[in-house]
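The block underneath contains the structure these notes are about, expressed in structure tokens.
A short reminder: the numbers here are calculations on the coordinates, not readings from a lab. These figures come from a predicted structure and were not determined experimentally. Glycine gets a Cβ as well: all are built from the backbone with ideal geometry, and neighbour counts include every protein chain shown.
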Ligand SMILES: Cc1cc2nc3c(=O)[nH]c(=O)nc-3n(C[C@H](O)[C@H](O)[C@H](O)COP(=O)(O)OP(=O)(O)OC[C@H]3O[C@@H](n4cnc5c(N)ncnc54)[C@H](O)[C@@H]3O)c2cc1C
């Protein structure tokens with residue numbers, strides 16, 4: 001594969017934009033800016049090999065139609081091999097020990113599917129390929145850990161661990177939900193540690209998944225099956241952190257036997273594929289998405305609990321919004337670090353994400369609360385959704401990224417903070 005230029009940038013020559021983090025959001029941001037004629041330099045602490053050939057990390061990302069449309073506009077969707085895109089046709093939700101389920105599909109939405117699933121390492125790969133195609137306007141510097149920043153009236157500066165200093169009109173933090181840039185810029189974040197972890201891995205099964213996701217809210221843990229291509233699915237198991245750590249030490253036979261019994265024969269005989277991966281569950285929401293000469297994108301702005309599958313979708317919505325506003329500012333000859341575009345980005349991205357962030361946390365709270373009243377409430381919520389097609393349609397609309405209202409209502413019912 002051809003390599004992006006890694007030329008050193010003179011400390012005196014101001015860049016238009018510096019982006020910290022070459023995850024999918026940082027690279028996607030650079031591509032969207034390049035399409036608006038804005039040059040950027042992406043700084044990544046990890047090696048170039050980790051960006052060029054990202055390792056499989058067990059995450060299968062459910063993308064909404066809006067997220068897919070942004071990837072298409074960036075040309076990244078077209079770079080995904082067809083076999084790596086799995087359709088999500090329906091979702092079946094099971095509660096506790098009940099054999100009944102609540103079904104969601106895309107009916108009435110004018111679409112055939114609720115969304116699509118793509119592995120995270122493939123999304124990262126096509127984001128890098130997108131940057132390669134725009135190398136006249138994108139510089140990627142790997143092995144470059146940012147350790148300091150200074151924001152002034154005229155420019156923003158970053159200091160790398162080796163002591164080098166870089167300057168630009170605007171700094172964009174795409175350095176994960178635990179963003180150090182956010183913290184160093186004095187922007188706080190709401191953090192919610194769920195005290196739970198998620199184990200993810202691929203499994204092969206005897207029966208076809210038919211593109212149906214299974215979400216089983218058992219008592220004590222949640223088990224989701226996300227349908228992939230070729231009689232394969234992704235297993236997503238959420239449970240208290242100590243239990244998750246203990247289960248990571250189980251051998252394959254013990255783990256698969258446990259999963260089989262939890263799935264109660266659904267999907268037939270199971271076989272593990274590849275390694276299990278563990279992620280602690282902490283959701284974050286920055287107090288502000290922009291400050292003087294600074295914008296936050298991706299998980300650095302909003303780090304979601306994965307249950308409603310919005311994290312990277314939000315990353316895409318945010319970077320597309322910000323690039324559009326900066327393109328307008330550039331056309332008008334304005335300073336890219338000036339406040340008008342950044343403030344608009346901050347308020348619109350908040351409007352697009354806040355209700356779903358809070359609603360998702362409310363869903364997690366409701367479905368992990370084992371007290372009798374909460375069990376009753378969750379049964380009631382699912383029964384109401386089953387009995388009322390408009391409620392089901394609203395949940396489907398929310399799942400496909402078309403309408404956040406239902407999660408807002410659920411939030412007020414559960415009383416999430
Ligand atoms: C189990 C799981 C399932 C998920 N499922 C879904 C889903 O179904 N749908 C969905 O939309 N989202 C999902 N997500 C969320 C999605 O994976 C994230 O939103 C997305 O990967 C975040 O990308 P990012 O680029 O913002 O951050 P990251 O991928 O975390 O990248 C941040 C980058 O910044 C670099 N960096 C950090 N600090 C520095 C520094 N000081 N200097 C230089 N570089 C630095 C890091 O090395 C890293 O490369 C899921 C997440 C998990 C854990």
**Request:** May I ask you to compute the full-extension gain from residue 107 to residue 183, defined as 0.36 nm times their residue separation minus their alpha-carbon distance, rounded to one decimal in nm?
**Result:** 23.0 nm
**Asked** Say R0 is 41 Å: what FRET efficiency, to the nearest 0.05, do residue 100 and residue 253 get from their beta-carbon distance?
**Response** 0.85
**Prompt:** Which order do 248, 256, 304 fall in if you start with the one that has the fewest other Cβ atoms within 10 Å?
**Reply:** 248, 256, 304
**Request:** Evaluate Rg over Rh across segment 179-309, taking Cα atoms for both radii and Kirkwood's formula for Rh.
**Result:** 1.08
**Complete:** Given a Förster distance of 35 Å, the FRET efficiency implied by the Cβ-Cβ spacing of residue 339 and residue 219, rounded to the nearest 0.05, works out to 0.10
**Normalised convex hull volume, segment 83-159, alpha-carbon set, Å³ per residue** = 288
**Message:** Using Cβ counts within 10 Å as a stand-in for footprinting exposure, how do 216, 31, 147 rank, fewest first?
**Reply:** 147, 216, 31
**Prompt:** For the residue pair residue 150 and residue 204, what label-to-label distance in nm results when each label sits 7 Å from Cα along the Cα-to-beta-carbon direction?
**Reply:** 5.8
**Request:** State, to one decimal in nm, how far the label point of residue 47 lies from the label point of residue 229, with both points 7 Å from Cα in the Cβ direction.
**Result:** 3.0
**Request:** Would you calculate the separation in nanometres between label points at residue 332 and residue 55, each defined as 7 Å from the Cα along the Cα-to-beta-carbon direction?
**Result:** 4.6
**Fill in**
Ranked from fewest to most other Cβ atoms within 10 Å of their own Cβ, 112, 84 fall in the order 112, 84
